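**Q** Questions regarding the structure given below will be posed in turn.
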Amino acid sequence: MDFNFQIIAEYAPFFAKGVLYTLGISLVGILCGTILGLGMGLGRLIQNPWLRMPFTWYVNFFRGTPLLVQLLIIHYGLMPLFMSPPNPVVSTMVGLSLNAGAYIGEVFRGGIQSIDRGQTEAARSLGMTHAQTMRHVIVPQAFRRMLPPLGNEFIVLLKDSSVASVFATPELLYWGRAAVSQYMRVWEPYVTIALIYLFLTLTLTYLLNYVEKRLNQHDPSQAAKKELRAARGAERHLG
C-alpha cells in the first residue's frame, strides 16, 4: 500500500484548525450540557408526575433518537428561526449541548439517588433548606461518583462532534473529507484523523483519571460528613 505523506503535510494546517474547532465545540457542548443536565436531573427527581413529565420526555427524546437526526432538525428547522442563514458551528454547539443535557441529566439523577437518604434527613435536622442540603451535602458527594460517567460523556461528545461535518462545520472530519475529495484517496486523511482522535481521547482519559485520583485524595465532602455525624451524635445524646 502506497501511503502518501505529502497529503498529510499539505493538510496539516487544516487538520490543526479542525482540532481547535472540535475541542471548542465539544467544550461548549459539555459545559452547557452539564448545566442543562443538572436541571434535567433535578427535574427527574420531582415527586409530582405531571411536573416531572416534561423532563422525562426531554430525556426520552434526546436519548431515543439519533444525534444526526437531532442536528439536522436543529440546523435546518430550529436555527433558521433565530439566524439566517444558520451558522453550522452554532447549530452544532446547540445540538451537542441539548443532546449531552439528556445523558448528563441521567448521570446527575443516578449520582444524587446513590447518596444515603439519611444524610439528607440529618442535614434537614440541622435546619438546612432543601436547596442548601443539595448544594452543601448531596451534590459534593455525588460529584465524585459522577465524575467517571461525566468524563465518559465528554469523550463520547468529542467523537460525536464529527457528525456535524455533514453540514460543513469545519471540524476535524470536515477537513479529512475535503482531502479525500481533492485527492480521491481515503487512507491518508482518514487514518490521520483516526490517530488524532485516538490521541485526543487517550489524553482526555488520562486527565480525567488524574482528576479523579486527586478528588479521592482530597474529598470535599468530608467536612459535611463530619458535621452530619456530629448532628446525629447530638440527636442521640438529646434522645
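The numbers here are math on the coordinates, done by the rules we state, and not lab data. In this text, all values refer to a predicted model and were calculated from it rather than measured experimentally. Because the Cβ atoms are built from the backbone with ideal geometry, glycine has one as well, and the counts that use them run over all protein chains shown.
**Q** Evaluate the following for R63: is it surrounded by fewer than 16 Cβ atoms within 10 Å (Cβ to Cβ), of a type in the set (K, R) and under 18 Å from the mean Cα position of the chain (by Cα)?
**A** Against the criterion (surrounded by fewer than 16 Cβ atoms within 10 Å (Cβ to Cβ), of a type in the set (K, R) and under 18 Å from the mean Cα position of the chain (by Cα)), R63 qualifies.
**Q** Within segment 107-126, how many residues are crowded, with 19+ Cβ neighbours inside 10 Å and touching a Lys or Arg at 6+ places or on another chain (Cβ under 7 Å)?
**A** Count: 3.
**Q** Quick one: in segment 73-95, which of the residues that are within 13 Å of V163 (Cα to Cα) and not polar (S, T, N, Q) is surrounded by the fewest Cβ atoms within 10 Å (Cβ to Cβ)?
**A** Here the residue is V89.
**Q** Continuing with the same structure: Using beta carbons and a limit of 6 Å, which pairs, at least six apart or on different chains, have the first residue in segment 188-201 and in contact (Cβ under 8 Å) with a residue 12 or more places away in the chain and the second one loosely packed, with under 13 Cβ neighbours inside 10 Å and of a type in the set (S, T, N, Q)?
**A** Qualifying pairs under 6 Å: E188/N4.
**Q** I'd like the full set of residues that are in a loop (DSSP other than H, G, I, E, B) and without any contact (Cβ under 8 Å) to a residue 24 or more places away in the chain, limited to segment 85-125.
**A** Across segment 85-125, the qualifying residues are P85, P86, N87, D116.
**Q** Name the residues in segment 24-44 that are under 16 Å from H130 (Cα atoms) and either surrounded by 24 or more Cβ atoms within 10 Å (Cβ to Cβ) or in contact with a Lys or Arg (Cβ under 6 Å, 6 or more places away or on another chain) (or both), would you?
**A** G41, R44
**Q** Output yes when any residue across segment 155-163 is touching an Asp or Glu at 6+ places or on another chain (Cβ under 9 Å) and within 16 Å of I25 (Cα to Cα), and no when none is.
**A** Checking segment 155-163: at least one residue is touching an Asp or Glu at 6+ places or on another chain (Cβ under 9 Å) and within 16 Å of I25 (Cα to Cα).
**Q** Step by step: first the residues of segment 11-23, then only those that are loosely packed, with under 14 Cβ neighbours inside 10 Å and of a type outside the set (G, A, S), then the one that is farthest from F108 (Cα to Cα). Which residue is that?
**A** P13
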